1. At most 11 other Cβ atoms within 10 Å and a DSSP loop assignment: could you name the chymotrypsin sites (Phe, Trp or Tyr not before Pro) in the range 36-107 that fit?
2. In sequence order, what are the phi-derived ³J(HN,Hα) couplings for the range 234-244 according to the Karplus relation 6.51 cos²θ - 1.76 cosθ + 1.60 with θ = phi - 60°, rounded to whole Hz, with x for glycine and proline?
3. Compare the peptides 25-36, 264-275 by average per-residue count of other Cβ atoms within 10 angstrom and give them in order, highest first.
4. Considering the chain as a Gaussian network with a 10 Å cut-off on Cα pairs, which listed residue, 233, 145, 108, attains the greatest mean-square fluctuation?
5. Apply the Debye scattering formula to the range 140-211, with a single equal point scatterer on each alpha-carbon and no solvent, then give log10 I(q)/I(0) at q = 0.11, 0.24, 0.25, 0.28 Å⁻¹.
6. Taking the chain, how many lysine pairs are there with alpha carbons less than 29 Å apart, if each pair must be eight or more places apart or span two chains?
Amino acid sequence: MRNQSISPAGQDSPAQWIETFARFGYAAKGVIYTIVGILAVQAAFNWGGKTTGSTGAFQTIANQPFGKILLFLVGVGLVGYVLWRFVEAIFDPEHDESGAKNIGRRLTYAISGIIYGALAFSAFRIVFGGGSGSGSGGSSGQASTILSQPFGRWLLGLVAAGAAAYGFYCIYRGVKTKFRKKLKLSEMSQTEETWAIRIGRFGLISKGIVSVIVGYFFAQAVRSADASQARTTGGALQAIQQQPFGAVLMGIIAVGLVAYGIHMLVQARYRRISPS
């Protein structure tokens, strides 16, 4: 049984609250990618879906009955994920390595926290009527903002490199099933473990491919100094769809994104989280 730390007043410790928010955050992330994947599967086979990213998924949630309440909960979940990422970046509670590898990992966590913080803000804007989901326009706008800054092309180049590096890392983790050591496999049945590994591998490889393509498009925006070249998940899926046998390829990647969403839900339930 997990050792639970209770405060003198009988309240849960801060570490337990952080763990709770982290699990809620993984679940929220899982919901987003599952919706993005389902919409892309529908688009690939002309079933009425669309290629979109996180903001498009937000709008899809908001358009459902009680959608803004659901989206608000997703936004709160993303805030929990951001909190956990910054805890990992600042305190590094799950690792004891030192040197450049440790610094790189912490920097990655911090960048992830910033990205998902921006997504949480987008979700809340839709909830409270201050914005709407827009996939490709959002990526171009963000790239344009970065390019307008001092050393903007260098900054956008870092974004491109970071997206590509993250994609290759996801593929590596999927191929090598590095995520296994983060899961409480002893709490799963043999069948659950087998499927959790299969789904996680497929999902991570698919997510990695999409991230590498996103990195390529941001690199094109850097090369041409044209923010309109930048694309995020929705644009990457559209690019896949335009290739020979594109519908089939996009369908496979889209199902992979659904798998990635399910993998995040598995993380929400079974991931080892040690905030302190």
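1. Passing sites in the range 36-107 are 47, 66.
2. x, x, 5, 5, 4, 5, 5, 4, 7, 7, x
3. Answer by packing, highest mean first, reads 25-36, 264-275.
4. 145
5. Values, matching the q order: -0.42, -0.96, -1.00, -1.11.
6. Taking the chain as the scope, the lysine pair count is 24.
Every read-out reported here was derived from the displayed coordinates using simple, explicitly stated rules and does not represent laboratory data. This structure is a prediction, so every number in the text was calculated from the model and none was measured. Every residue, glycine as well, gets a Cβ built from its backbone with ideal geometry; the counts of neighbours run over all protein chains shown.
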